[in-house]
1. Any chance you could count how many residues in the stretch 1-50 are near ligand 2 (Cβ under 10 Å from one of its atoms) and crowded, with 20+ Cβ neighbours inside 10 Å?
2. Here's a check for you: in the stretch 179-218, which residue that is out of contact with any helix residue (DSSP H, G or I) (no Cβ under 7 Å at 6 or more places or on another chain) and over 20 Å from T164 (Cβ atoms) is modelled with the lowest pLDDT?
3. Just give me the residues in the stretch 11-34 being assigned to a strand (DSSP E or B) and in contact with a Ser or Thr (Cβ under 7 Å, 6 or more places away or on another chain), in sequence order.
4. Those residues that are more than 14 Å from ligand 2 (Cβ to nearest atom) and surrounded by fewer than 24 Cβ atoms within 10 Å (Cβ to Cβ), I need them from the stretch 135-148; list them, please.
5. Would you call V215 within 16 Å of ligand 2 (Cβ to nearest atom), in a strand (DSSP E or B) and not aromatic (F, W, Y)?
6. Only one of (1) away from ligand 1 (no atom under 16 Å from the Cβ); (2) of a type outside the set (S, T, N, Q); (3) out of contact with any Leu (no Cβ under 9 Å at 6 or more places or on another chain) is not met by K63, so which one is it?
7. Can you tell me which of (1) within 14 Å of ligand 1 (Cβ to nearest atom); (2) part of a helix (DSSP H, G or I) is the one I249 doesn't meet?
8. List pairs: first in the stretch 36-58 and under 14 Å from L100 (Cβ atoms), second of a type in the set (F, W, Y), Cβ under 7 Å, 6+ apart or cross-chain?
Amino acid sequence: MKIAISGKGGVGKTTVAANLVKAFSRDGYSVYAVDADPDVSLGQTLGFKREDLAKLQPLIDMKEVINDKSSGGGLFYDLNPEVDDVVEDYSLKMGNIKFLRMGGVKQGGSACYCKENSFLNAVLNSLLFDQEDVVILDMSAGIEHLTRGTSEGVDLIIIITEPTKVSVQTTRVVQQLARDLGIKKAKVLGNKIRHEKEKEFLSSQFTEEELIGTVSFDEKEWEKAMSEEAGVLDSEELLPNLEEIYKKILEEVSS
Ligand SMILES: Nc1ncnc2c1ncn2[C@@H]1O[C@H](COP(=O)(O)OP(=O)(O)OP(=O)(O)O)[C@@H](O)[C@H]1O
Ligand SMILES: [Mg+2]
């Protein structure tokens with residue numbers, strides 16, 4: 001299964017993605033944690049070493065290797081054998097978690113990066129061999145990275161929102177785009193909730209069907225932003241309420 005995390009800048013995409021990686025890994029899934037954000041914050045948030053992250057090649061660099069191997073067989077040939085061979089060189093491992101950097105996913109002005117996007121998507125899809133494999137995609141802020149290429153095969157997109165009008169507006173744009181792109185399911189997750197009033201605000205903006213849950217503002221999480229301490233994988237617990245949301249996500253992707 002393939003789960004994408006999207007939303008406005010700074011709402012908590014990387015934090016939620018890291019928590020989900022941890023939950024799936026704990027439950028024995030093979031997890032591919034994929035950073036679609038150029039600043040590789042997911043790797044850091046999970047707790048991979050800075051020097052290892054700095055050395056990690058992005059998936060887009062694999063394109064040359066595969067093109068060479070398949071003697072220009074085009075983009076839509078079966079990538080599985082080739083990817084199997086080379087994916088090891090493009091990932092950092094921790095237990096049953098593999099961390100990968102996308103790199104190169106962009107769409108600037110009128111230039112089309114469709115080929116690159118399709119390639120990256122084909123690589124990701126070829127990683128998913130069975131039911132126990134899960135890809136968690138940490139998207140960058142905004143919508144420009146959400147293209148037909150990157151969204152293909154996404155089973156569920158989770159749009160993180162803060163309880164503000166601006167964040168809700170972005171969420172609606174992403175919801176619409178997800179529908180246009182044919183993503184099967186989209187859910188909204190409210191984050192950094194401090195007051196009941198904020199929860200009520202989100203409940204007034206989204207239907208029960210749309211809203212998968214809310215996560216409280218967590219002082220410990222907030223403190224982390226100022227410290228150099230270990231990543232999410234080293235900490236004891238998930239974010240408040242994330243366990244319940246994780247269970248709902250499991251239901252969504254398996255139904
Ligand atoms: N529930 C929460 N309670 C308190 N702080 C939180 C919570 N969720 C996230 N944060 C903090 O908010 C900041 C932004 O979170 P994060 O980096 O996950 O957002 P993002 O959406 O990935 O940002 P970007 O758009 O820059 O990629 C971080 O310092 C994180 O620790
Ligand atoms: Mg982020």
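1. 16
2. Among those that are out of contact with any helix residue (DSSP H, G or I) (no Cβ under 7 Å at 6 or more places or on another chain) and over 20 Å from T164 (Cβ atoms), it is K184.
3. V31, the sole residue that qualifies.
4. V135, I143, E144, T147, R148
5. Criteria met by V215.
6. (3)
7. (1)
8. G43/F99; L46/F99; F48/F99; Q57/Y90
The values are calculated or read from the model by the stated rules, or taken from the named source; none is laboratory data. Predicted model, so just to flag it, every value in this text is computed and none were measured. Quick reminder, even Gly has a Cβ in these numbers, built from the backbone with ideal geometry, and neighbours come from all protein chains shown.
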